[in-house]
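Below: one structure, written as structure tokens.
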Amino acid sequence: MEENKVTGGKVKKPGKRGRKPAKIDLKAKLERSRQSARECRARKKLRYQYLEELVSSRERAICALREELEMYKQWCKAMDQGKIPSEIRALLTGEELSKSNPNSSKQQRPVKSDPAEK
């Protein structure tokens, strides 16, 4: 048979070890909870700011790539019509120069051209 001791209106089970729950100041507990919530909201705000900046930078990169793609499409259309855009000529002559000059390994980004140019 199990015997339960009654002390101070509480029933204790025999064999239970560990610390007895201390009476925690309710105001202090609420303040810790509020502080934790404030910190959580601040972390969440920083995380969203970081993600928004990341999305914004990726969107700018996508726009730049779309512009570059459009430029290449225009170059292809011009070459289909038998015209060689001046930028491609510059790239071809620049490649020949860079082969003879190993110090100029940095490539220049091509500039948009008018498809009517010859």
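Would you pick out the residues in the range 49-78 that are among the acidic types (Asp, Glu) and farther than 30 Å from Arg89 by Cβ?
First, the residues of the range 49-78 that are among the acidic types (Asp, Glu): 52-53, 59, 67-68, 70.
Within the range 49-78, Glu52, Glu53, Glu59 meet the criteria.
Here are some residues: Gly82, Gly94. Which one is surrounded by fewer than 10 Cβ atoms within 10 Å (Cβ to Cβ) and either at pLDDT below 95 or assigned to a loop (DSSP other than H, G, I, E, B) (or both)?
Working: Gly94 fails: surrounded by fewer than 10 Cβ atoms within 10 Å (Cβ to Cβ).
Only one candidate passes the filter, namely Gly82.
The values are calculated or read from the model by the stated rules, or taken from the named source; none is laboratory data. Remember, it's a predicted structure, so these values are computed and weren't measured experimentally. Every residue, glycine as well, gets a Cβ built from its backbone with ideal geometry; the counts of neighbours run over all protein chains shown.
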